[in-house]
1. Sorting check: for A:316-326, C:95-105, which peptide has the highest mean count of neighbouring beta carbons within 10 Å, and how do the rest follow?
2. Just how large is the dipole of the stretch C:14-242 about the Cα centre, in debye to the nearest 20, putting +1 at every Lys and Arg Cβ and -1 at every Asp and Glu Cβ?
3. May I ask you to rank C:Val200, B:Val160 by accessible area, largest first, using a 1.4 Å probe over the protein chains only?
4. Over all residues in C:217-228, what is the mean tally of Cβ atoms on other chains that come within 10 Å of each residue's Cβ?
5. Quick one: Cα centre-to-centre distance for the stretch C:137-190 and the stretch C:217-288, in angstrom?
6. Based on alpha-carbon centroids, what's the gap between the stretch B:115-184 and the stretch B:41-89 in Å, whole number please?
7. What lysines could a cross-link reach from C:Lys162, if we take a straight Cα to Cα line under 19 Å and drop same-chain neighbours fewer than 8 places away?
8. Which links in A:Lys34/B:Lys182; A:Lys34/A:Lys59; A:Lys34/A:Lys179 stretch past 18 Å when you go from one Cα to the other?
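The values are calculated or read from the model by the stated rules, or taken from the named source; none is laboratory data. Computed from a predicted structure; not experimentally measured. Positions of Cβ are backbone-derived with ideal geometry, glycine not excepted, and every protein chain shown enters the neighbour counts. Please note that ligands, DNA and RNA were not included when accessible areas were found on the heavy atoms of the full protein model with its side chains. Shrake-Rupley method; radii C 1.70, N 1.55, O 1.52, S 1.80 Å.
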Amino acid sequence: MSEPEAGPVLEVRDLVKHYPVPRGVLRRSTGAVKAVDGISLRLDRGRTLGLVGESGSGKSTLARVLVGIEKPTSGEVLVDGADVTRLSRAGRKRLRRDVQMVFQDPYTSLNPRMPVSEIVGEPFAIHGVDPAGGRRAAVGELLELVGLDPEHANRYPHQFSGGQRQRVGIARALALRPKILVCDEPVSALDVSVQGQVINLLEDLQAELGLSYLFVAHDLGVVRHIAHDVAVMYLGRIVEQGPEAEVYDAAQHPYTQALLSAVPVPDPSVRLAGPSVEPVETRISIGSTSGVGVGGGAIVLDGDPPSPVDPPSGCPFHTRCWLAPRLPEARPDPIPSYPPTDRPDAGLRLVPPVCDKEAPALVAHPGAGRAGPAIGAPAAHVAACHFARELVAPRVEA
Amino acid sequence: MNDVGLVSATWRTLRRRPDVIVAALIVLLFAIMAAFPRLFTATSPRACAIREARLDPQGWGTPHPLGTDALGCDVLATMVAGVRPSLLLAFVVVGVSLLIGVTLGLLAGYYLGWADYLISRTIEVFLVVPLLLAALLLLSLFKNVDLGAGTFSVILLPAVVLTLFSWMGYARYVRASVLEAKNLDYVTAARSLGASDLRIMFRHVLPNAIGPVTALVPTSIAAVIGTEAVLSFLGIGVRPPATSWGIQISQGSEWVLGGAPHILLAPLICLVAAVLSLVVLGDALRDALDPRLTA
Amino acid sequence: MSPAMNAATSPASSDALLEVTDLAVEFRTPDGAVRAVDGLSYRVEAGRTLAIVGESGSGKSVSSLAVMGLLPDTARVTRGTVHLAGTDLLAMSRKEHRARCGDQVAMVFQDALAALNPVHTVGYQLTEALRARRGLSRGDARRRAVELLDMVKVPNAKARIKEYPHQFSGGMRQRVMIASALAMDPDVLIADEPTTALDVTVQAQVLRLLAEIQAERQMGLVLITHDLGVVAGVADDVTVMYAGRAVEQAPVVPLYAAPAHPYTRALLRSIPSASGTGSLPVIPGRPPSPAAMPAGCPFHPRCDAVRDVCRTEVPPPATPAEGRTSACHFAADTMTGPGPDGEPGVVGRDTGGDHE
């Protein structure tokens, strides 16, 4: 944050990652899983960008493309201004030193047959780096940096607890002094009382080493705590992006709003699943800054996210959107054959025509939002919705 | 320090299991038998008197402690003489086919694509071609080649034939475990660090994929010894006058109901004891080498 | 039966569907017996939800397996009773125990994909128990399967009973699991981390579904979870477990307002939220291994309010307020001390909880 040179350390432009789906006897690929479908991002030096979304939203694929495990189908990934998707093999290897990854599951991300000293020292071996003072000393320093006892370097992963293993994983990622750490759900496999320790460690390391984090998680509380900026993904696209406070307190996209309201709040006065379900309209006051929130119920979305093989036309969220069917624009012209019911669960969902025809652009909505896009702000608050508007959703806080 | 730690930890684990000690002693016994057959019998396996055919076991200290076989040869002497070729053949065949099988299985499972296609089809071809047919073919090829009578020479032909037809199982097992292991997070982690394919294969994938294969080894040793007997009928088994357990077992089986079961039982018991000991040792070794199972 | 626990669990209505008293479970390991659950007591009443909260290794799942008679062979119950509608399940043979549970207590697991058999259709699995136990005909069984799927709001139930588990999404599979748990009309449903593997939006759907079904049938629900957000959202009563023991038991609202055990307090504080951007308050160290339990209070090495007595004496259950227990020597002090937000918590009347 107090880095001398500001500016993006990582920039992603129109990144696409499709996986071909082989079908039929001839195994010709007739379709593709559109895991990442045109994403642009920017991560500034010393800052943390939180990437949230449900499983299947493509957030983990994006993380894997960024660290070079997967090759993008198209698009650009700029690290310090250099496009790494066009690099030679040697260049890519060099890039990997700048971008490292912390994995979700500390139980599977460490080779059970290697002692910790070898796991943490492996980056040196792979890149042929000989740190000053020797690899053994460097491993000891790394272990100390992440709060482990260097004396334990000869132990095997199974001799450590989950939180300690995650520290080993972080030490391995830090070995080559990267600029960017891509953290893929780094605490979701840990116990509650240990999660905080790892989050604090990541924050301390950021302050100490000036690291930039891309923090992928489904736990919105954790992201809110650690991230400066937040991007919300749905079906391979970013639907909303902005500074953490803006996205959480003044979410504009109906998906973000639903996501935030579905997060269980550790406050018994907010009943998540009360048996009495009021109609959504009475609990949501569109465009107002008060009313909903604590004491209100959750916006519960119907069904599961659609398949990324065959995403819905137009806005990818329109099939589950709670807002679209309630908009005045969703009312069709009175046609005699018009079915008598337009309840969203009655098999017929009416949404404004624009929602299923046109994909909304990720743009700022000046009318909405508490502050609007501030000039000179590090990241503007943008949302990909034709009808983006602020809604005060139940907060994700104690 | 690390190696010493591992070795001493391995020893500690082994010591706690008496079955392992017994198994180790049995294997050691056979090893000594192979190296110094004279320690166990003074009789030559070739000193056969047809008058003394099918004598019952006469007890320790007599000229024929385990009796004689159908040709009057001493059973104990034959058995002791058969240890070296039998075990050598078994270890050579299993060793070489492990090497081939693991390499091909690793390549197929790791790279998939055309490498996998090629290797998988090859495996199927070898599974389809009957062993005996191929053995006959080889026999005709090598009929007039004099291989000499050294320890290796007597087992060379059966070793080649058996190796050709026993690597496929390993390859398949390794391929399957590699497919599983290569998608684990620690492999991805190594890849994201920029590790080379070779490094990933040999440091990360293979050590964690080899487990199920090692369990196959002791029983394959038994299978090799048994199959060698079949080959010996065709004249490409262990070269006479050298003998083997396989030959003894197949000869002895003819006399089980003819009043001389000891001809079969003596080599068979040795084979079972050797294989069971190897099973126990293999298990213990696998447990001991797995850091997760050592305290 | 420990009198303090019993007195404190809930207002003395005696219509508990399921009552667990002083349960202790041990695991046999090469290094000797290890106690996984130690003196756990709770009661589940009709139409109420009891949440059992704890970290991995706290014994929360093991205790429910003991209730169901599903403990692995290496584990055994060494003490305690489990009364289901008045009869002690643990006094029965294992077979009778499971049969009784099959009828009246059902369980939902975290991993629905692993809990469903991949080679049978969903409809078959839903009605397997019904056909075996109640002798339903094929047609009746199919009708019942459709009914069950309708009940858990799986759309297009008639067609979907013919599908296999892998054809369902995670949320839908968890609904199928719940449906199969409901097949025998249980009085008590034990849900072990039912939503942990699910996305938040789907989690909300499933939790709401559970609450609706429970209210409709007046079932007793035991929800085992590590997520204090979920607990606050759905539970009526809470049992907080740590190192095999119930460290705190209380109705949900007072528990969150004024936790009476330092562990509960620390857990509530450590939830990441917007309130602070600085360092998260964390619980130092990690839960003790059941094989190496510290002397005295099992939480004392991590406790921020540890005193000398904690290191040597196991705290007896205290009753810091009506309807609450806390296994802390200083339960009353904890409750009246600074609350999770650093402000004084709701003051509960001290009813002699300080057992020093």
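1. Details: A:316-326: 23.0, C:95-105: 17.1.
Answer by packing, highest mean first, reads A:316-326, C:95-105.
2. On the way: 26 positive and 28 negative charges, 214 e Å.
Its charge dipole is roughly 1020 debye.
3. Working: C:Val200 20, B:Val160 60 Å².
The ordering from most to least exposed comes out as B:Val160, C:Val200.
4. Values: counts 0, 0, 0, 0, 0, 0, 0, 0, 1, 3, 4, 6.
Across C:217-228, the average partner-chain Cβ count within 10 Å equals 1.
5. Taking the Cα centre of each part, the stretch C:137-190 and the stretch C:217-288 sit 32 Å apart.
6. 33 Å
7. C:Lys153
8. Numbers: A:Lys34/B:Lys182 24 Å; A:Lys34/A:Lys59 12 Å; A:Lys34/A:Lys179 29 Å.
The answer is A:Lys34/B:Lys182; A:Lys34/A:Lys179.
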